[in-house]
Amino acid sequence: MIELTDQQLQDLEHPEATPPRVVNPRTQETFVLLRVEEYERLKEVEYDDSPWTSEERHALAWEAGKHAGWEEMDEYDDIPEKP
């Protein structure tokens, strides 16, 4: 078991804030402190970190364009190119 510092205890009392981080002084690796319930919830979710497919990239670009108001930009699709 690891004993937390007073600062880490204070950080844990504010769950809306970023989870406290700890650093291994030997390796300089950083770790995040999570409540067991949160850790278990995250483990249950199947996380896919594989590269995005072209369909996923296209869907994301489409959604971003809609949020930017570009759905009314169809009239510009047929503008002739300048010579």
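The values are calculated or read from the model by the stated rules, or taken from the named source; none is laboratory data. Because the structure is predicted, anything quoted here is derived from the model rather than measured. Every residue, glycine among them, receives a Cβ derived from its backbone with ideal geometry; neighbour counts consider all protein chains shown.
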Worksheet item: If you take the residues of region 22-61 that are among the aliphatic types (A, V, I, L, M) and under 22 Å from Asp6 (Cα atoms), which of them is surrounded by the fewest Cβ atoms within 10 Å (Cβ to Cβ)?
Response: Val36
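Could you check region 32-60 and list, in sequence order, the residues that are of a type in the set (A, V, I, L, M, F, W, C) and either in contact with a Leu (Cβ under 8 Å, 6 or more places away or on another chain) or at pLDDT 85 or above (or both)?
Step one: of region 32-60, the residues of a type in the set (A, V, I, L, M, F, W, C) are 32-34, 36, 42, 45, 52, 59-60.
Once the filter is applied, which keeps residues that are of a type in the set (A, V, I, L, M, F, W, C) and either in contact with a Leu (Cβ under 8 Å, 6 or more places away or on another chain) or at pLDDT 85 or above (or both), region 32-60 yields Val32, Leu33, Leu34, Val36, Leu42, Trp52, Ala59, Leu60.
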Worksheet item: Counting only residues that are at pLDDT below 65 and among the aliphatic types (A, V, I, L, M), which one in region 61-83 is farthest from the chain's Cα centre (by Cα)?
Response: Ile79
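Would you call Gln7 loosely packed, with under 10 Cβ neighbours inside 10 Å and at pLDDT below 90?
Numbers: loosely packed, with under 10 Cβ neighbours inside 10 Å: yes; at pLDDT below 90: yes.
Yes, satisfied.
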